[in-house]
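Here's the structure, in structure tokens; my notes come after.
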Amino acid sequence: MSNNLNLILVGGGHTHALVLKHWMAHPIDNVQITLISPHSHSPYSGMLPGLLAGYYTFSQTHIDLQQLAHEANIEFIQQPVTAIDHLRQCIYLADGQQHQYDIASINVGSTPNPEIPGSQQHATPVKPIAEFLQHWQRLQTEIRQQPNQRIAIIGGGAGSVEVALAMAHALKPWGTQLSLITRAGDILSEYPRKARRLSKERLALHGIEVLTNMNVDEIHADGLSCSGQKYSYEHIFLCTQAAAANWFRQSGLATDQRGFITVNNYLQTTTAGNLFAAGDCAHFQSEPLPKAGVYAVREADILFHNLQAACQGTHALKPYQPQRDFLSLLAMGDHYAIGCKFGLTVSGHWVWRWKDQIDRHFMARFNAG
Ligand SMILES: Cc1cc2nc3c(=O)[nH]c(=O)nc-3n(C[C@H](O)[C@H](O)[C@H](O)COP(=O)(O)OP(=O)(O)OC[C@H]3O[C@@H](n4cnc5c(N)ncnc54)[C@H](O)[C@@H]3O)c2cc1C
């Protein structure tokens, strides 16, 4: 019987992909890693708008988890995790498999909140991105055959603005009408005023209608309703606030009010010392963080150190210290971008080139082999 410790990585998000890069450079003795993910490829969300707009290919924007696992010489299981029993140290998969772990880490991201009645039947969430991209392919084919369709994107944050502009770019020749619908009084409410103004100019330039203060009551097969009024759309996309997977709570893990897994400064769940969580799915207890890929990326160094420490028991855990602010680069269509940090806003084609360089540099860590 093997004396190896079983370290299970649940989800192949940004953090775990980078943890595996660290592992390849510094493998831990007597530790066997298993990566579990329902998808063989994990998207780099910063490049998603560029993929929709047709600027990048699938492989330029996705980390091949199967290939990464092969290079790291670890096991890869392509299945969704459905539950964790932290007392029995057991992970349950959708196909009925059960896997014992000594140490585990969760990095499964988030999905748009499906709370609007009818959204599960009649709208397409932008996450999981794999399913969203399949729908996007079918939609493009359909619109080429039957132009002049109406599309609604529900959400007013950075992701929804970027998705709307990317779709407008890709669908320009087919007379598609796009609406961005938010219940907030303005789009990009957490961004500086200049960024909001510039974004609205770009949306107007691309003919995208922005409907604010619209609390959608229900989504139907042929549109949506709001305050008793019906609006007709052929296609509706959800890019609403991030929501957590139900199985975190159902597994008895400690969570915040929204259901995200509570972690301490060491990215250790407050439920069990041998269970870690990072990225969107985690609620950083001492300071709630925005659900942004930049945090998932920055957490990777600390998570790797702490997983190593937990496996070897020889050195102390390190605390994760979140950055005060982060550079937010928003793709605005037509190779144009807006950048914000510390309340300052810049924009232009040069900002797009800057963003493009940063994004390609990130992906080169995985695609260069
Ligand atoms: C359109 C759009 C654009 C965005 N642009 C940016 C940006 O420019 N910059 C930025 O910082 N943030 C951006 N974001 C936010 C960003 O997507 C998230 O914050 C980021 O993806 C979180 O990374 P993560 O590592 O937590 O998880 P993810 O990258 O979402 O990965 C989660 C992984 O877990 C897997 N998984 C899911 N469920 C299970 C399960 N049950 N069992 C096992 N595995 C599972 C998935 O297949 C996936 O591989 C954007 C979001 C959207 C929607």
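Key figures for this structure:
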{"quantity": "Only listed residue being crowded, with 22+ Cβ neighbours inside 10 Å, modelled with pLDDT of 95 or more and more than 26 Å from Leu139 (Cα to Cα), chosen from Leu180, Leu188", "calculated": "Leu188"}
{"quantity": "Count - residues of the range 75-97 that are more than 24 Å from the chain's Cα centre (by Cα) and either crowded, with 17+ Cβ neighbours inside 10 Å or more than 14 Å from the ligand (Cβ to nearest atom) (or both)", "calculated": "7"}
{"quantity": "Residues of the range 216-235 classified as assigned to a loop (DSSP other than H, G, I, E, B) and either modelled with pLDDT under 95 or of a type in the set (A, V, I, L, M, F, W, C) (or both), total", "calculated": "4"}
{"quantity": "Entirely in the range 54-145, the strands (runs of 3 or more DSSP E) that have 1 or more residues that are hydroxyl-bearing (Ser, Thr, Tyr)", "calculated": "81-85, 90-93, 103-106"}
{"quantity": "Of all residues making up the range 20-73, the number that are within 24 Å of Gln308 (Cβ to Cβ) and among the aromatic types (Phe, Trp, Tyr)", "calculated": "1"}
{"quantity": "Residue match in the range 24-35 (condition: among the hydroxyl-bearing types (Ser, Thr, Tyr), more than 22 Å from Thr314 (Cα to Cα), touching an Asp or Glu at 6+ places or on another chain (Cβ under 6 Å) and not in a helix (DSSP H, G or I))", "calculated": "yes"}
{"quantity": "Residue pairs meeting the criteria (Cβ under 8 Å; at least 6 apart or on separate chains; first at positive phi and assigned by TED's automatic domain parsing to the domain that holds Glu287, in the range 254-266; second of a type outside the set (D, E, K, R) and part of a strand (DSSP E or B))", "calculated": "Gly259/Ala243"}
{"quantity": "Test: residue in the range 280-298 that is touching a Phe, Trp or Tyr at 6+ places or on another chain (Cβ under 7 Å) and over 21 Å from Arg324 (Cβ atoms)", "calculated": "yes"}
{"quantity": "Qualifying positions in the range 294-304 - near the ligand (Cβ under 9 Å from one of its atoms) and either surrounded by fewer than 21 Cβ atoms within 10 Å (Cβ to Cβ) or not assigned by TED's automatic domain parsing to the domain that holds Val31 (or both)", "calculated": "Val294, Val297"}
{"quantity": "Residues satisfying the stated conditions in the range 25-39, i.e. more than 23 Å from Lys291 (Cα to Cα) and within 15 Å of the ligand (Cβ to nearest atom)", "calculated": "Ile33, Thr34"}
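The values are calculated or read from the model by the stated rules, or taken from the named source; none is laboratory data. It should be emphasised that the depicted structure is a prediction, and the values quoted were computed from it without experimental measurement. FYI the Cβ positions are ideal-geometry reconstructions off the backbone, even for glycines, and counts take in every protein chain you see.
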